[in-house]
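All remarks here apply to the structure that follows.
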Amino acid sequence: MKAFRIFGISLLALLAWCTIASAQTPFTPGTWTKTNHAPSSAVAHALLLDDGSVLVNSMYFSNHSDPWYRLIPDSTGSYINGTWVNAGTLPSGYNPLYFASSVLPSGQVVVMGGEYNNGVGVWTTKGALYNPNTNAWTSLTAPSGWTTVGDAQSIILPNGKMMMANCCTTQEAILTLTGTTASWATTGTGKFDWNDEEGWTMLPNGNILTVDAYVGQSTCCQLGYQTYNPTTGTWTTPSNNTVVNLVDPSSLELGPMPLLPNGTAFAAGATTNNAIYTVSSGSWAQAPSFGSGLDIADGPAAVLPSGNALFDTSPGVFQNGSVFFEWDGTNLNQTTAPPNASIDSSYVGGMVVLPTGQILFTDFSSDVEIYTPAGSACTGCAPSIRNVASTLTHGSKNNQIMGTQFNGLDQGSYYGDDNQAASNFPIVRITDSTGAVVYCRTHGWLGGVAQGTTVTRALFDIPGTIHTGTASLVVVANGIASAARTVTIN
């Protein structure tokens, strides 16, 4: 069980910056920029909403519910120059840290459990539902009979429903909402060990990949992994293994495991080992290490539009001194770091892939940073619009759009059991007749990743503030925009 950290001041350590890159393609590091406006308090967990705004929780740890905030991009689409607005408070008595979270296809946000509640370690079963249309939170009940949810995993399945784990057992359940009333269906037979400390990575076939932390078992760190089939609701234990141990034997922590556009998943270890899972063959191989004793014993990763993966590492378990890398499929390239890196451990970091292709980064402080990576979107990674009306009505709702790769090729951001911030859903963005960038609330989509030529659909609402006239419309998934369609707003 990790401690929570209140941001403080420490002596800055000098980090040597170097680049590990191939001679053929020199690595170009990204840049970090602080948002021009700061939230009113320290913030941590962040989620991209279906209207392009970012929802974040405050870090007061008091004995009452503290405000959440939303970062709204400006009229040019800039998050760096965005503004913070109040996003309401959780129901009384619920103020969690390290919890399950998902943005539903309805646009509502589920927050369930918490390793801490009001700063006390309790593995709570409390939960809440956020409605961005009303800016209000309501209580949400956990599955019947569960005594813990805690720092649990959650994910949106291909059918659009949220699946959630119980941190401290082998239990999982699937959520159905009727209004604000939750009903849960049991799933996940065959889970080998407790869900605690494990992360979930969705594969292109809709199955879920997890590396076993062996929590609750008499042995640990035996290189095991499992896959979950949402059609059958069962876990399978393959006969092969992860080749190297990724689980820290004392804390049982793991690192993030992002799926990449090249068809592999990079499993970052809480040891100094890393591994690569090849989806097509179901095989594992050892990956390069970060070096210098660095690992990710809890911590974030994000898949960049280029197809590279950005990792936040630190030495040992929960020790300070973050170092950032981009994995390009061959090399781990050390890149630039945000200002607080020398006093941060990887576990305080959180990443969200923005519709701009940038990465929003939080670290339990009020310094919210934006990472702007180099390079362009990977070939074949963009969504494609097949059908949308050429004339759209100012202020109209439930406009239909159809196309391919609306869910992107991956989940966007990864962490594990403590923090889920997936962005694998479509967002409609319009540049109106005045040049203003307008995000439409986009909903009614289903889950999944890397769906290829499968045509899917979504619905979108056009804000009443948009200007009429000729406009340009794109669909964005995980920071990658489709080719534009010219439309008329009447």
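The values are calculated or read from the model by the stated rules, or taken from the named source; none is laboratory data. Here the structure is a predicted model, which is why all the values come from computation and not from measurement. FYI the Cβ positions are ideal-geometry reconstructions off the backbone, even for glycines, and counts take in every protein chain you see.
A few comments on the model shown:
- Complete set of residues in segment 292-311 that are in contact (Cβ under 8 Å) with a residue 40 or more places away in the chain and assigned to a strand (DSSP E or B): 295, 301, 302, 303, 309, 310, 311
- Segment 105-145, subset part of a strand (DSSP E or B) and among the small types (Gly, Ala, Ser), residue farthest from residue 197 (Cα to Cα): 136
- Residues within segment 457-470 that are without any contact (Cβ under 8 Å) to a residue 60 or more places away in the chain and buried (at least 19 other Cβ atoms within 10 Å of the Cβ), tallied: 1
- Which listed residue is in contact with a Lys or Arg (Cβ under 6 Å, 6 or more places away or on another chain), buried (at least 20 other Cβ atoms within 10 Å of the Cβ) and not assigned by TED's automatic domain parsing to the domain that holds residue 425, from 100, 87: 87
- Residues considered: 123, 184. Of these, the only one that is under 28 Å from residue 59 (Cα atoms) and out of contact with any Lys or Arg (no Cβ under 9 Å at 6 or more places or on another chain) is 123.
- Checked against (1) farther than 23 Å from residue 111 by Cα; (2) out of contact with any Asp or Glu (no Cβ under 8 Å at 6 or more places or on another chain), residue 399 meets all criteria but (2).
- From 150, 127, 119, residue being surrounded by fewer than 21 Cβ atoms within 10 Å (Cβ to Cβ) and of a type outside the set (Ser, Thr, Tyr): 119
- Condition met for residue 139 (within 18 Å of residue 181 (Cα to Cα), out of contact with any helix residue (DSSP H, G or I) (no Cβ under 7 Å at 6 or more places or on another chain) and surrounded by fewer than 19 Cβ atoms within 10 Å (Cβ to Cβ)): yes
- Candidates in segment 317-350 are the residues that are assigned to a strand (DSSP E or B) and hydrophobic (A, V, I, L, M, F, W, C); of these, the one that is farthest from residue 417 (Cα to Cα) is 332.
- Count of segment 271-291 residues which are in a loop (DSSP other than H, G, I, E, B) and farther than 18 Å from residue 310 by Cβ: 7
- Qualifying residues in segment 171-218 (those that are closer than 22 Å to residue 267 by Cα and of a type in the set (Phe, Trp, Tyr)) - the one nearest to the chain's Cα centre (by Cα): 200
- Condition check for residue 80 on (1) assigned to a loop (DSSP other than H, G, I, E, B); (2) touching a Ser or Thr at 6+ places or on another chain (Cβ under 6 Å); (3) closer than 27 Å to residue 227 by Cα: one failure, at (3).
- Condition met for residue 249 (modelled with pLDDT of 95 or more and either part of a loop (DSSP other than H, G, I, E, B) or over 23 Å from residue 421 (Cβ atoms) (or both)): no
- Total residues in segment 252-270 satisfying the condition of being closer than 22 Å to residue 449 by Cβ and part of a loop (DSSP other than H, G, I, E, B): the figure is 9.
- Segment 255-300, residues that are small (Gly, Ala, Ser), over 17 Å from residue 245 (Cα atoms) and crowded, with 24+ Cβ neighbours inside 10 Å: 299
- Top-ranked residue of segment 93-119 - restricted to ones that are among the small types (Gly, Ala, Ser) and within 14 Å of the chain's Cα centre (by Cα), ranked as nearest to residue 398 (Cα to Cα): 102
- Residue that is surrounded by the most Cβ atoms within 10 Å (Cβ to Cβ) [pool: residues in segment 401-437 that are without any contact (Cβ under 8 Å) to a residue 60 or more places away in the chain and part of a strand (DSSP E or B)]: 428
- Every residue from segment 348-358 that is buried (at least 24 other Cβ atoms within 10 Å of the Cβ) and either hydroxyl-bearing (Ser, Thr, Tyr) or free of Cβ contacts under 8 Å to residues at least 60 places away in the same chain (or both): 349
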